[in-house]
Amino acid sequence: MTATISTTSVTPTRRRRRSARLSPLLVAFVLVPFAVESIWVFWPALQGFWFSLTRWDGMSSPAFVGTDNYVELAGDATFRGALVNTVIWLVLFGGLSVLGGFGMALVLQKERRGVGFYRAALFTPVVFSLVVTALVWRVFYQPDGIADTLLRAVGLESLIRPWLADPQTALYAVILPALWRQIGYVMVLFLAGLKAIDPALHEAARMDGANSWQRLRHVTIPQLKGVNAVVLSVIVIDSLRSFDIVWSLTKGGPYHSSELLSTYMYSTAFQSLRLGYASAIAVVIFVLALAVILGYLVRAFREEA
Amino acid sequence: MSDFDPGRRRFLGHLGLAGLGALGASSFLSACASSASGPTTSGGSGAVTIQSNLSSPQAKAAMEKLIENFNAQGKGRASLNTIASETFRTQLPTYLTSANPPDLYTWYAGSVANDYASKNLLLDVSDVWKSLGDYPQSLRTLSTDASGKQVFVPMNNYWWGFFYRKSNFAKWGVQEPKTWTEFLAVCETLKSKGVPPIGIGLGDTPWVASAWFDYLNIRINGAPFHRELLAGKQRFDDPKVKAVFTRWREALPYFDPKGKAYPFQEATTALLAGKTGMFLIGTFFADAAPKDALGDLDFFRFPIIDPAVPLAEEAPTDGFFASAKTANPTGTRALLSYLSGVEAQEAYVKASSGIVLPANPKAKASDSPLVVKGKAMLDEAKELTQFFNRDSSDALQPTADTALTKFIDKPDQIDAILREWQAGAEKVFKG
């Protein structure tokens, strides 16, 4: 995205004469990152596509098998489960973190005494490594841990279960810590967006007799369009690459009940050593991310045009 | 923080992060203190590099001591790289296939090593074995690949068993069971006293359940069938495999329900605190046990189910193999000879303070009653197995984890579980 923006801004009409003879410095600025990116990003990504058409154990050379891996994916119950879980994750984790983050941003946008403390408190989880977060939450969920003690204190013993080891609850027990972290992050993005809204717009709306709900619906939300695109991209990408928290809490278990596409890809690649098949899963993740984000961007650009 | 590594004898434990940090710091410090500890590229006659996954403080110190002694002898130079266990496991294929690989690796004997040997990645160490004439035949066979050459040099092994606290068994008025019937009777007694009889730790360490599968299978169907099954020559949906689960089901009501949720380290704590009666586990669990509890610990062998089946025990063997591409095969073999010698093995046992049995028959193991009993148990066995992942592959282990944890949760679905297991295993064998 940044590349397209910079090239268009560099070649407005009045500078056309110069563009015939590009400055070597400019060329270097474009080509050097491109070369680095090619080696470290584009080439491995392309290789991933190639590997998805092979059978490869990481030691012998890859053997071409055509679309076998994709055919197998179509009939793989674990993959289907992981896909469904990823969709649940996208909806719950994505949806709730947007709602929560936006809500918190609205509550905390006004400058008043102590608001900085609350903002910082909400943002703190973002600072922790997810692996550390997982350790803390594991203590929370462990048998006779904090969660169980709390439930006992309010007389809900019957609800107590091995949260991370019960296939009914494992996925949700993992979403919670992920949300705990993501809400603070999304809040900061929205806070930045809210700050950028011209107060005159609210002023004018108030003069026209708009109540606070109408101002939210017709002033704040439309003004946040730019931020929304960023938040959506961040949420989708974060959902699809959510791995560390799941891996450190459940490893996708018990028996694949909290498996996401990302954890399934990892275990297929590095535990089962089926790198070809894992590459096929990676391609699916890539296509999913691209589809969601492109879909939104195309719509957003069409509206602007 | 992942503890997927059934065979590892030492673990970082629950303070893994702190441990890792300390590890990084200490390796940095030692790298400053002596250049020998830092990673070095192996030149033609340069130092022999050892990649070691023995990353717990005691085991790491023990290895450092061995390398120091070797370097002091002047027969060659070696340098040690200690890598966190999980990183080591995932990186091992990369090490071995790289153009300029480290020379020597700590790893496991058996099918895991043979698999690399079949890809011509391991150095032929038959020369080293010429001086190991007094090693038992079982270890020699274990270290020999399909083409008949030795590719592995064992360092030590350990055993699995039902561990318990003597004082607790006395308090509850129960004796070590010898047979399956006696075992179930002990379980019943403990349950009636309100103690969950069988501890287990499947949260984060689901591979612990494989010990149950391994043992029931070698007790009911025998070690040869077990090995064939794990090598893909038998099917997991075979009625003989189902028989294993029928037996297991008899013991399921006695499992600690909390065991699903916590790792084996916490299951160890529960056992020591008397919150569970006994725990089928390898001796490595004692690393986490406080010293005063160690004297109160005892174990009994997995109960006999069918006396007609030749007695087999799990005795995972740890040791070394070398890269076929080593630039310094002479130095590597010299180091292996040193490591397999009496002096090195005794030094390791002493420094590591773990409950392990040295591979060299002349080397003295620790003379604690626990170790004497463990050694006697293994000596009595007709056959030794390694462990699920070591007798098959790390790739097959996750299929077992899924099947076994699901069985413990939903024993009614055993037929479907075994069908899925077979399908999963076929994918792994196919590659």
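Side notes on the structure shown:
- Helix axis angle, B:57-73 relative to chain B longest principal axis, alpha carbon, degrees: 30
- Distant-in-sequence amide H partners of residue B:317 (H built 1.01 Å from N, under 5 Å): B:109
- Estimated vicinal HN-Hα couplings, Hz - the stretch B:207-214 in sequence order (Karplus 6.51, -1.76, 1.60; Gly, Pro = x): 5, 4, 5, 4, 4, 5, 5, 4
- For chain B, the longest principal axis of the Cα atoms and the long axis of helix B:85-97 meet at an angle of about 50 degrees.
- Value at 222 nm in deg cm²/dmol, rounded to 500, when DSSP H runs of n ≥ 4 in chain B each add -39,500 (n - 2.57): -14000 deg cm²/dmol
- Partner chain coverage, peptide A:126-135 - average Cβ within 10 angstrom: 1
- Around residue A:133: net Lys/Arg minus Asp/Glu count, Cβ-Cβ under 15 Å: 0
- Look at A:202, A:256 and count the other Cβ atoms within 10 Å of each Cβ; fewest to most, that gives A:202, A:256.
- Altogether, the Stokes-Einstein calculation at 10 °C and 1.306 mPa s, with the Kirkwood radius of chain B over Cα pairs as Rh, returns a diffusion coefficient of 71 µm²/s.
- Spread of Cα-to-Cα distances over 10 Å intervals beginning at zero, given as percent, for the stretch A:181-228: 26, 48, 22, 4
- Lysines with Cα under 25 Å of residue B:65, excluding same-chain neighbours fewer than 8 positions away: B:75, B:291, B:350, B:362, B:364
- Ellipticity estimate at 222 nm from DSSP helix runs (n ≥ 4, -39,500 (n - 2.57)) divided over chain A, nearest 500: -21000 deg cm²/dmol
- Using θ = phi - 60° and Karplus 6.51 cos²θ - 1.76 cosθ + 1.60, couplings along the stretch A:81-93 (whole Hz; Gly, Pro as x): x, 5, 5, 4, 4, 5, 5, 4, 4, 4, 6, 6, 5
- Centroid-to-centroid separation of the stretch B:341-362 and the stretch B:91-120 [C-alpha atoms, Å]: 24
- Chain B: relative contact order as a whole-number percent, Cα under 8 Å and 6+ apart: 25
- Packing-based exposure ordering (other Cβ within 10 Å, fewest first) of A:128, B:302: A:128, B:302
- Integer Hz, Karplus 6.51/-1.76/1.60 couplings in order for the stretch B:397-409, x for Gly and Pro: 3, x, 5, 5, 4, 4, 5, 6, 5, 5, 4, 5, 7
- For residue B:304, the residues 5 or more places off, or on other chains, whose built amide H falls under 5 Å of its own are B:179, B:180.
- Relative intensity of the stretch B:195-234 on a log10 scale, I(q)/I(0) at q = 0.16, 0.20, 0.31 Å⁻¹, equals -0.51, -0.68, -0.97, per a Debye sum over C-alpha point scatterers of equal strength in the absence of solvent.
- Scaling the Cα radius of gyration of chain A by the globular reference 2.2 N^0.38 Å produces a ratio of 1.24.
- Computed Kirkwood radius, in angstrom, where 1/r is averaged over Cα pairs of the stretch A:117-181: 12.8
- A straight Cα-to-Cα reach below 17 Å connects residue B:430 with the lysines B:119, B:233, residues fewer than 8 places away in its own chain not being considered.
- Prolate/oblate/rounded call for the protein assembly as shown, Cα gyration tensor, a/c under 1.5 rounded: prolate
- The overall shape of the stretch B:282-431 is oblate: from the C-alpha gyration tensor, with semi-axes ordered a ≥ b ≥ c, the ratio a/c is 1.5 or greater and a/b is no larger than b/c.
- Annotation: amide H of residue A:253 within the under-5 Å range of A:258, sequence separation 5 or more or interchain, hydrogens built in the peptide plane.
- Degrees, to the nearest 10: B:180-192 long Cα axis against longest axis of chain B: 70
- Normalised Debye scattering of the stretch A:39-129 at q = 0.19, 0.21, 0.24 Å⁻¹ gives log10 I(q)/I(0) of -0.99, -1.07, -1.17, counting only Cα atoms as equal scatterers and leaving out solvent.
- Within a Gaussian network of chain A (alpha carbon springs, distance under 10 Å), most fluctuating of A:229, A:170, A:35: A:35
Any read-out appearing in this document is the output of simple, stated calculations on the displayed coordinates, not a laboratory observation. No experiment lies behind these values; they were computed from the predicted model shown. Backbone-built Cβ (ideal geometry, glycine too); neighbour counts: all protein chains shown.
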